[in-house]
1. Between PRO38, PRO85, which is in contact with a Leu (Cβ under 9 Å, 6 or more places away or on another chain) and loosely packed, with under 15 Cβ neighbours inside 10 Å?
2. For THR71, state whether it is in contact with a helix residue (DSSP H, G or I) (Cβ under 9 Å, 6 or more places away or on another chain) and closer than 22 Å to LEU114 by Cβ.
3. Across region 53-97, which residue is farthest from LEU122 (Cα to Cα) among those that are polar (S, T, N, Q) and in contact with a Ser or Thr (Cβ under 9 Å, 6 or more places away or on another chain)?
4. Going by what's in this entry, would LEU122 be described as modelled with pLDDT under 95, farther than 26 Å from ARG16 by Cβ, touching a strand residue (DSSP E or B) at 6+ places or on another chain (Cβ under 8 Å) and of a type in the set (A, V, I, L, M, F, W, C)?
5. Would you check if VAL111 is touching a helix residue (DSSP H, G or I) at 6+ places or on another chain (Cβ under 6 Å) and within 21 Å of LEU31 (Cα to Cα)?
Amino acid sequence: MAYSYDDDNIFARILRGEIPNDTVLETEHCLAFRDIAPQAPEHILVVPKGRYVTYDHFALEASEAEIADFTRTIGRICADLGVQPGDGGAGYRLISNAGENGLQEVPHLHVHILAGRRLGPLLAKG
């Protein structure tokens with residue numbers, strides 16, 4: 001499948017330094033920063049630096065180094081926030097929207113780490 005990447009999307013512009021962000025962590029292959037409209041006390045976006053549109057696109061085409069870095073960055077942020085359930089944290093939610101039915105707003109892969117309060121049901125029935 002061919003993915004159409006928009007080089008002018010907001011995350012591409014943030015990655016190029018055209019738009020400021022509140023950086024939480026930057027690695028060789030990704031950038032993590034606080035969401036400008038947080039939906040929980042902790043709301044961090046993790047964005048790969050590569051031109052990937054959705055998680056499946058990333059999973060199929062990213063290098064092993066990119067995949068490992070992205071995954072470990074998510075783990076490190078959860079550890080730094082102290083939200084890991086196995087270490088006494090209260091937990092977190094990890095969300096990645098893809099495509100029209102997934103309500104993806106920015107055509108650049110990103111995951112939301114949400115934590116700091118009870119988040120309620122993931123989806124409403126119906």
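The values are calculated or read from the model by the stated rules, or taken from the named source; none is laboratory data. Please read these numbers as outputs of a predicted model, since none were measured by experiment. We place every Cβ from the backbone using ideal geometry, glycine too, and count neighbours over all the protein chains shown.
1. Checking each option against the conditions leaves just PRO38.
2. It is false that THR71 is in contact with a helix residue (DSSP H, G or I) (Cβ under 9 Å, 6 or more places away or on another chain) and closer than 22 Å to LEU114 by Cβ.
3. THR73
4. Against the criterion (modelled with pLDDT under 95, farther than 26 Å from ARG16 by Cβ, touching a strand residue (DSSP E or B) at 6+ places or on another chain (Cβ under 8 Å) and of a type in the set (A, V, I, L, M, F, W, C)), LEU122 qualifies.
5. Judged against the criteria, VAL111 is not a match.
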